[in-house]
Amino acid sequence: MKAKNMFILSTLLIASVAAASGTGVGSGGNDSRDQYLAKLMGRKIKISPQTLYTEISQWCSDVVIVLKKEKARAAVQLQRKGNAVLAEQILVDAMLAAAESLDIASEQASPVTKSLIDNGLFYSQALDATLGSAPLATQTKLNFLFSYVDFIIQKEKSLDRPYFIPYRYRYKSCWSACGNAKYSCWEENCEADFNFKAFAKEYVDFGKEQIEFVLDKFTEQDGRGRIVPLGSPIAFLKLAELVSKQVAQDLSNNLYAYAHACSIRELEALSANLEAFNLYGDNSIYYNTANAVQAVHDELRNIANSLNGCRR
(Lines give C-alpha, C1' and ligand atoms only; values in the text may rest on other atoms or scores of the structure.)
Protein backbone atom coordinates (compact mmCIF):
# COMPACT_ATOMS: atom_id res chain seq x y z
CA MET A 1 0.00 0.00 0.00
CA LYS A 2 2.84 2.40 0.69
CA ALA A 3 4.04 2.20 -2.90
CA LYS A 4 0.55 2.77 -4.23
CA ASN A 5 0.05 5.71 -1.86
CA MET A 6 3.34 7.22 -3.01
CA PHE A 7 2.23 6.93 -6.62
CA ILE A 8 -1.14 8.53 -5.89
CA LEU A 9 0.46 11.32 -3.88
CA SER A 10 2.95 11.95 -6.66
CA THR A 11 0.12 12.25 -9.14
CA LEU A 12 -1.89 14.62 -6.97
CA LEU A 13 0.98 16.77 -5.81
CA ILE A 14 2.43 17.54 -9.23
CA ALA A 15 0.68 20.86 -9.73
CA SER A 16 3.07 21.85 -12.49
CA VAL A 17 6.23 20.61 -14.12
CA ALA A 18 8.66 23.47 -13.80
CA ALA A 19 11.85 23.43 -15.78
CA ALA A 20 14.92 22.98 -13.63
CA SER A 21 17.03 26.13 -13.63
CA GLY A 22 20.72 26.56 -12.90
CA THR A 23 23.61 24.29 -13.76
CA GLY A 24 24.05 22.78 -10.32
CA VAL A 25 21.04 20.81 -9.19
CA GLY A 26 19.71 22.42 -6.03
CA SER A 27 22.86 24.54 -5.68
CA GLY A 28 21.50 27.89 -6.80
CA GLY A 29 23.29 27.59 -10.13
CA ASN A 30 26.68 28.56 -8.70
CA ASP A 31 28.44 25.26 -9.28
CA SER A 32 28.70 23.11 -12.35
CA ARG A 33 26.83 19.84 -12.28
CA ASP A 34 30.10 17.88 -12.11
CA GLN A 35 31.20 19.88 -9.07
CA TYR A 36 27.83 19.30 -7.46
CA LEU A 37 28.03 15.55 -8.03
CA ALA A 38 31.56 15.46 -6.59
CA LYS A 39 30.41 17.31 -3.48
CA LEU A 40 27.56 14.89 -2.81
CA MET A 41 29.80 11.97 -1.80
CA GLY A 42 32.83 14.02 -0.81
CA ARG A 43 35.41 11.32 -1.48
CA LYS A 44 36.18 8.51 -3.89
CA ILE A 45 37.55 5.12 -2.91
CA LYS A 46 39.02 2.32 -5.00
CA ILE A 47 38.36 -1.32 -4.24
CA SER A 48 41.33 -3.60 -4.74
CA PRO A 49 42.24 -7.02 -3.30
CA GLN A 50 43.90 -5.14 -0.44
CA THR A 51 40.85 -3.07 0.48
CA LEU A 52 39.51 -3.75 3.96
CA TYR A 53 35.90 -4.84 4.05
CA THR A 54 35.28 -2.31 6.82
CA GLU A 55 36.16 0.48 4.38
CA ILE A 56 33.68 -0.84 1.86
CA SER A 57 31.02 -1.04 4.57
CA GLN A 58 31.73 2.57 5.45
CA TRP A 59 31.25 3.57 1.81
CA CYS A 60 27.85 1.87 1.84
CA SER A 61 26.88 3.73 5.02
CA ASP A 62 27.94 7.03 3.43
CA VAL A 63 25.83 6.23 0.37
CA VAL A 64 22.74 5.65 2.50
CA ILE A 65 23.21 9.02 4.22
CA VAL A 66 23.41 10.78 0.85
CA LEU A 67 20.44 8.91 -0.62
CA LYS A 68 18.24 9.70 2.39
CA LYS A 69 19.21 13.37 2.30
CA GLU A 70 18.68 13.73 -1.44
CA LYS A 71 15.41 11.83 -1.33
CA ALA A 72 14.16 14.33 1.26
CA ARG A 73 15.27 17.22 -0.97
CA ALA A 74 13.49 15.68 -3.95
CA ALA A 75 10.30 15.26 -1.91
CA VAL A 76 10.41 18.96 -0.99
CA GLN A 77 10.76 19.95 -4.64
CA LEU A 78 7.83 17.74 -5.58
CA GLN A 79 5.42 18.35 -2.72
CA ARG A 80 6.01 22.02 -1.91
CA LYS A 81 7.01 23.39 -5.29
CA GLY A 82 5.43 20.98 -7.74
CA ASN A 83 8.76 20.69 -9.55
CA ALA A 84 8.77 17.14 -10.86
CA VAL A 85 11.67 17.71 -13.24
CA LEU A 86 14.00 18.84 -10.47
CA ALA A 87 12.81 16.11 -8.10
CA GLU A 88 13.64 13.50 -10.72
CA GLN A 89 17.04 15.05 -11.42
CA ILE A 90 17.96 15.14 -7.73
CA LEU A 91 17.27 11.42 -7.33
CA VAL A 92 19.15 10.45 -10.48
CA ASP A 93 22.10 12.64 -9.52
CA ALA A 94 22.24 11.10 -6.04
CA MET A 95 22.62 7.64 -7.56
CA LEU A 96 25.08 8.90 -10.16
CA ALA A 97 27.27 10.58 -7.54
CA ALA A 98 27.28 7.42 -5.42
CA ALA A 99 28.17 5.24 -8.42
CA GLU A 100 31.04 7.49 -9.45
CA SER A 101 32.50 7.60 -5.94
CA LEU A 102 33.53 3.93 -6.01
CA ASP A 103 36.24 2.67 -8.35
CA ILE A 104 36.30 -1.12 -8.54
CA ALA A 105 39.25 -3.12 -9.84
CA SER A 106 38.35 -5.52 -12.65
CA GLU A 107 39.03 -8.59 -10.53
CA GLN A 108 36.77 -7.43 -7.70
CA ALA A 109 33.03 -7.80 -7.27
CA SER A 110 30.82 -4.82 -6.54
CA PRO A 111 29.00 -4.64 -3.23
CA VAL A 112 25.24 -5.09 -3.57
CA THR A 113 24.66 -1.37 -2.91
CA LYS A 114 26.85 -0.42 -5.88
CA SER A 115 25.24 -3.03 -8.12
CA LEU A 116 21.76 -1.79 -7.21
CA ILE A 117 22.74 1.81 -7.90
CA ASP A 118 24.19 0.86 -11.29
CA ASN A 119 21.02 -1.10 -12.06
CA GLY A 120 18.87 1.83 -10.94
CA LEU A 121 20.64 4.19 -13.32
CA PHE A 122 20.29 1.67 -16.14
CA TYR A 123 16.59 1.15 -15.44
CA SER A 124 16.08 4.90 -15.25
CA GLN A 125 17.67 5.42 -18.67
CA ALA A 126 15.61 2.57 -20.10
CA LEU A 127 12.41 4.14 -18.77
CA ASP A 128 13.37 7.48 -20.31
CA ALA A 129 13.88 5.82 -23.69
CA THR A 130 10.72 3.73 -23.38
CA LEU A 131 8.34 6.34 -22.03
CA GLY A 132 9.39 9.51 -23.80
CA SER A 133 6.45 11.89 -23.51
CA ALA A 134 3.87 9.13 -23.05
CA PRO A 135 0.91 9.73 -20.71
CA LEU A 136 1.82 9.19 -17.04
CA ALA A 137 5.52 9.20 -17.92
CA THR A 138 6.50 11.70 -15.21
CA GLN A 139 4.45 10.05 -12.48
CA THR A 140 5.71 6.60 -13.45
CA LYS A 141 9.33 7.71 -13.42
CA LEU A 142 8.99 9.40 -10.02
CA ASN A 143 7.25 6.33 -8.63
CA PHE A 144 10.21 4.25 -9.77
CA LEU A 145 12.91 6.59 -8.46
CA PHE A 146 11.45 7.20 -4.99
CA SER A 147 10.67 3.49 -4.55
CA TYR A 148 14.01 2.28 -5.89
CA VAL A 149 16.02 4.57 -3.64
CA ASP A 150 14.11 3.10 -0.70
CA PHE A 151 14.93 -0.39 -1.97
CA ILE A 152 18.66 0.41 -2.15
CA ILE A 153 18.62 1.73 1.41
CA GLN A 154 16.76 -1.34 2.64
CA LYS A 155 19.10 -3.87 1.01
CA GLU A 156 22.24 -2.04 2.14
CA LYS A 157 21.08 -2.63 5.70
CA SER A 158 19.67 -6.15 5.43
CA LEU A 159 21.97 -7.79 2.86
CA ASP A 160 25.07 -5.83 1.92
CA ARG A 161 26.68 -4.91 5.23
CA PRO A 162 25.72 -7.96 7.31
CA TYR A 163 26.18 -10.63 4.62
CA PHE A 164 27.49 -9.81 1.15
CA ILE A 165 30.43 -7.57 2.03
CA PRO A 166 31.77 -9.84 4.81
CA TYR A 167 31.36 -12.88 2.53
CA ARG A 168 32.87 -11.35 -0.61
CA TYR A 169 35.76 -9.50 0.99
CA ARG A 170 36.57 -11.65 4.01
CA TYR A 171 35.00 -15.12 4.19
CA LYS A 172 34.79 -16.21 0.55
CA SER A 173 38.20 -17.88 0.72
CA CYS A 174 36.87 -20.04 3.54
CA TRP A 175 34.09 -21.32 1.30
CA SER A 176 36.42 -21.73 -1.69
CA ALA A 177 38.91 -23.78 0.31
CA CYS A 178 36.18 -26.29 1.12
CA GLY A 179 34.18 -26.12 -2.07
CA ASN A 180 35.00 -29.67 -3.12
CA ALA A 181 34.80 -31.16 0.36
CA LYS A 182 31.89 -32.21 2.52
CA TYR A 183 29.67 -29.47 3.87
CA SER A 184 31.08 -30.08 7.35
CA CYS A 185 34.39 -28.57 6.20
CA TRP A 186 33.16 -25.00 5.84
CA GLU A 187 30.55 -25.42 8.53
CA GLU A 188 33.17 -26.33 11.12
CA ASN A 189 35.76 -23.80 10.03
CA CYS A 190 33.59 -20.81 9.18
CA GLU A 191 30.15 -21.14 10.67
CA ALA A 192 31.21 -19.63 14.00
CA ASP A 193 32.20 -16.40 12.24
CA PHE A 194 29.91 -16.32 9.23
CA ASN A 195 26.65 -18.09 8.50
CA PHE A 196 26.86 -19.17 4.86
CA LYS A 197 23.41 -20.76 4.91
CA ALA A 198 21.79 -17.56 6.18
CA PHE A 199 23.64 -15.57 3.52
CA ALA A 200 22.49 -17.93 0.75
CA LYS A 201 18.89 -17.58 1.93
CA GLU A 202 19.13 -13.79 2.08
CA TYR A 203 20.58 -13.71 -1.42
CA VAL A 204 17.72 -15.78 -2.82
CA ASP A 205 15.26 -13.55 -0.96
CA PHE A 206 17.02 -10.61 -2.63
CA GLY A 207 16.14 -12.04 -6.04
CA LYS A 208 12.55 -12.56 -4.95
CA GLU A 209 12.33 -9.01 -3.59
CA GLN A 210 13.55 -7.54 -6.88
CA ILE A 211 10.72 -9.35 -8.66
CA GLU A 212 8.21 -8.23 -6.05
CA PHE A 213 9.47 -4.66 -6.36
CA VAL A 214 8.27 -4.57 -9.97
CA LEU A 215 4.99 -6.33 -9.19
CA ASP A 216 4.07 -4.36 -6.07
CA LYS A 217 5.14 -0.91 -7.24
CA PHE A 218 3.85 -1.04 -10.80
CA THR A 219 0.70 -3.18 -10.77
CA GLU A 220 -2.47 -3.56 -8.74
CA GLN A 221 -5.69 -5.55 -8.86
CA ASP A 222 -8.82 -3.81 -10.06
CA GLY A 223 -12.35 -4.35 -8.77
CA ARG A 224 -12.85 -7.29 -11.13
CA GLY A 225 -9.70 -9.08 -10.01
CA ARG A 226 -7.71 -8.19 -13.11
CA ILE A 227 -4.12 -6.98 -12.92
CA VAL A 228 -3.71 -3.43 -14.18
CA PRO A 229 -0.62 -1.22 -14.29
CA LEU A 230 0.15 1.53 -11.82
CA GLY A 231 1.24 4.24 -14.19
CA SER A 232 2.38 3.38 -17.70
CA PRO A 233 1.92 -0.26 -18.79
CA ILE A 234 4.96 -0.06 -21.07
CA ALA A 235 7.08 0.93 -18.07
CA PHE A 236 5.97 -2.16 -16.16
CA LEU A 237 6.71 -4.42 -19.11
CA LYS A 238 10.15 -2.86 -19.68
CA LEU A 239 11.11 -3.13 -16.02
CA ALA A 240 9.84 -6.72 -15.94
CA GLU A 241 12.07 -7.52 -18.93
CA LEU A 242 15.20 -5.99 -17.39
CA VAL A 243 14.67 -7.13 -13.82
CA SER A 244 13.92 -10.73 -14.91
CA LYS A 245 17.26 -10.85 -16.71
CA GLN A 246 19.09 -9.30 -13.74
CA VAL A 247 17.56 -11.64 -11.16
CA ALA A 248 18.47 -14.65 -13.31
CA GLN A 249 22.08 -13.46 -13.25
CA ASP A 250 21.95 -12.83 -9.49
CA LEU A 251 20.54 -16.29 -8.78
CA SER A 252 23.24 -17.84 -10.97
CA ASN A 253 25.83 -16.31 -8.62
CA ASN A 254 24.22 -17.78 -5.50
CA LEU A 255 26.08 -20.42 -3.50
CA TYR A 256 23.29 -22.90 -4.26
CA ALA A 257 22.51 -21.83 -7.83
CA TYR A 258 21.83 -25.43 -8.88
CA ALA A 259 18.77 -25.50 -6.62
CA HIS A 260 17.22 -22.62 -8.56
CA ALA A 261 18.02 -23.76 -12.09
CA CYS A 262 14.33 -23.90 -13.04
CA SER A 263 13.63 -20.36 -11.86
CA ILE A 264 16.74 -19.07 -13.61
CA ARG A 265 15.65 -20.62 -16.92
CA GLU A 266 12.12 -19.30 -16.53
CA LEU A 267 13.36 -15.77 -15.84
CA GLU A 268 15.68 -15.87 -18.83
CA ALA A 269 12.87 -17.08 -21.09
CA LEU A 270 10.47 -14.45 -19.76
CA SER A 271 13.00 -11.68 -20.33
CA ALA A 272 13.60 -12.87 -23.90
CA ASN A 273 9.84 -13.00 -24.62
CA LEU A 274 9.40 -9.50 -23.23
CA GLU A 275 12.31 -8.14 -25.23
CA ALA A 276 10.69 -9.48 -28.39
CA PHE A 277 7.37 -7.89 -27.43
CA ASN A 278 8.75 -4.57 -26.16
CA LEU A 279 11.31 -3.90 -28.87
CA TYR A 280 9.94 -5.66 -31.94
CA GLY A 281 6.19 -5.86 -31.36
CA ASP A 282 6.24 -9.67 -31.48
CA ASN A 283 2.74 -10.74 -30.44
CA SER A 284 3.25 -14.48 -30.75
CA ILE A 285 3.31 -14.78 -26.93
CA TYR A 286 1.30 -11.73 -25.80
CA TYR A 287 -1.41 -10.56 -28.19
CA ASN A 288 -1.71 -7.04 -26.75
CA THR A 289 -0.43 -4.86 -23.90
CA ALA A 290 -3.24 -5.68 -21.47
CA ASN A 291 -2.70 -9.40 -22.02
CA ALA A 292 1.05 -8.96 -21.55
CA VAL A 293 0.59 -7.12 -18.24
CA GLN A 294 -1.65 -9.84 -16.82
CA ALA A 295 0.45 -12.76 -18.13
CA VAL A 296 3.79 -11.29 -17.08
CA HIS A 297 2.46 -10.43 -13.63
CA ASP A 298 1.19 -13.99 -13.13
CA GLU A 299 4.42 -15.58 -14.38
CA LEU A 300 6.63 -13.38 -12.21
CA ARG A 301 4.45 -14.03 -9.18
CA ASN A 302 4.72 -17.78 -9.77
CA ILE A 303 8.49 -17.57 -10.11
CA ALA A 304 8.82 -15.46 -6.96
CA ASN A 305 6.71 -17.98 -5.05
CA SER A 306 8.75 -20.92 -6.30
CA LEU A 307 12.26 -19.80 -5.42
CA ASN A 308 12.61 -22.55 -2.82
CA GLY A 309 13.41 -24.85 -5.72
CA CYS A 310 12.18 -26.09 -9.09
CA ARG A 311 8.48 -26.30 -9.73
CA ARG A 312 7.11 -29.73 -10.60
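Candidates in segment 216-236 are the residues that are in contact with a helix residue (DSSP H, G or I) (Cβ under 8 Å, 6 or more places away or on another chain) and surrounded by fewer than 19 Cβ atoms within 10 Å (Cβ to Cβ); of these, the one that is nearest to Thr130 (Cα to Cα) is Val228.
What residue, of Leu145, Leu136, Leu121, Leu116, is in contact (Cβ under 8 Å) with a residue 24 or more places away in the chain and more than 13 Å from the chain's Cα centre (by Cα)?
Numbers: Leu145 fails: more than 13 Å from the chain's Cα centre (by Cα); Leu121 fails: more than 13 Å from the chain's Cα centre (by Cα); Leu116 fails: more than 13 Å from the chain's Cα centre (by Cα).
Sole residue among the options that is in contact (Cβ under 8 Å) with a residue 24 or more places away in the chain and more than 13 Å from the chain's Cα centre (by Cα): Leu136.
Leu127 meets the conditions (1) over 14 Å from the mean Cα position of the chain (by Cα); (2) in a helix (DSSP H, G or I); (3) within 20 Å of Val247 (Cβ to Cβ); (4) not β-branched (Val, Ile, Thr) in every case but one. The failed one is (1). Quick one: would you say Phe213 is part of a helix (DSSP H, G or I), within 18 Å of Ser147 (Cβ to Cβ) and either at pLDDT 90 or above or out of contact with any strand residue (DSSP E or B) (no Cβ under 8 Å at 6 or more places or on another chain) (or both)? Yes.
Consider segment 224-249 and keep the residues that are of a type in the set (D, E, K, R) and assigned to a loop (DSSP other than H, G, I, E, B). The one that is farthest from Phe277 (Cα to Cα) is Arg224. For segment 98-107, enumerate the residues that are crowded, with 16+ Cβ neighbours inside 10 Å and more than 16 Å from the chain's Cα centre (by Cα). Matches in segment 98-107: Ser101, Leu102, Ile104. Restricting attention to segment 283-312, the residues being among the charged types (D, E, K, R), modelled with pLDDT of 95 or more and exposed (fewer than 15 other Cβ atoms within 10 Å of the Cβ) number 1.
The values are calculated or read from the model by the stated rules, or taken from the named source; none is laboratory data. Remember, it's a predicted structure, so these values are computed and weren't measured experimentally. Please note: Cβ atoms are built from the backbone with ideal geometry, for glycine as well, and neighbour counts cover all protein chains shown.
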